[in-house]
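The structure under discussion appears below in the form of structure tokens.
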Amino acid sequence: MLIIKSSVFKNHSELIFGFSTKKGGKINEPYFFNMSVSVGDDENKVKRNRDLFFKALGLETENVAIQNQIHDTGITIVQNGGVYQNNDALITNKIGIGLAVSSADCTTIFIFDKQNKIIAGVHSGWRGTSKKILSFTLKKLKQTFNTKPENIIAFIGPSISLKNYGVSSEVAEQFDEKYLHQSGDKFLLDVSAVNYDILLNYGVKKENIERAQLCSFEEQYLLHSYRRDGKISGRALGVIAMK
């Protein structure tokens, strides 16, 4: 099983983190090592995949909180594992509870407050990014747990890169031109860069942010991509937890 790790988290021994790939062991075409029950894959196979992945991270499936994402600004503070409806950000201060964020091109952000021992997982596609789900999550951390920017460690997961993410003018006009490149009648959008700047502008130290350079669209044999594979695309999970 190949799991993507974070170098920015590696110096924090209390953290568990991993981002799944298509290389999970037994080949299961066309979805491969899929983590989602909403893409048409056999639910028993998805459960097996999740169990294998979580076990590889040292977690039990029942202790992992999983989002039912809606591409909006819903934030849930969780105390237990399970499926959480209508949210795109999960937060916990509980030891042993994993926060799982699904992706097949969308940007994911994983946050660790090293002072107060709080973790968060954020799903931020173009809709969530335009609505500033990450900003709302940072504010929630401040309001609820007094999280300070200088204590935040953050990892931005693999996602679709600017050169492969064409959007309409209606989508493009919701973003600053610094994140756009015009290509014919389409615009190319860098969603990961928007979220990176949100962290920086909030006051998170540059050296405490890691931004994955892998492009989900280009890494055909490693990462899931809805833009590339359409209805037969599986989904990855990024999971953060505290020991």
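The values are calculated or read from the model by the stated rules, or taken from the named source; none is laboratory data. Computed from a predicted model, the values in this text were never measured in an experiment. Note that each Cβ is placed from the backbone with ideal geometry, even for glycine, and that neighbours are counted across all protein chains shown.
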As an exercise: evaluate LYS243 against (1) more than 21 Å from THR21 (Cα to Cα); (2) touching a Ser or Thr at 6+ places or on another chain (Cβ under 8 Å); (3) surrounded by 14 or more Cβ atoms within 10 Å (Cβ to Cβ) and give the number of the one condition it does not meet. (3)
Restricting to strands (runs of 3 or more DSSP E) lying wholly in the range 165-212: which have 3 or more residues that are farther than 16 Å from LYS131 by Cβ and modelled with pLDDT of 95 or more? 209-211
Exactly one condition in (1) farther than 28 Å from MET1 by Cα; (2) surrounded by fewer than 20 Cβ atoms within 10 Å (Cβ to Cβ); (3) touching a residue at least 40 places away in the same chain (Cβ under 8 Å) is false for ASP176; which is it? (3)
Would you confirm, using the coordinates I've provided, whether GLY128 is crowded, with 24+ Cβ neighbours inside 10 Å, in contact with a helix residue (DSSP H, G or I) (Cβ under 9 Å, 6 or more places away or on another chain) and not in a strand (DSSP E or B)? yes
Can you pull out the residues in the range 160-188 that are touching an Asp or Glu at 6+ places or on another chain (Cβ under 6 Å) and closer than 25 Å to THR21 by Cα? ILE160, LEU162
Mind checking which residues of the range 94-124 are surrounded by 21 or more Cβ atoms within 10 Å (Cβ to Cβ) and among the small types (Gly, Ala, Ser)? GLY98, ALA100, SER102, SER103, ALA104, ALA120, GLY121, SER124
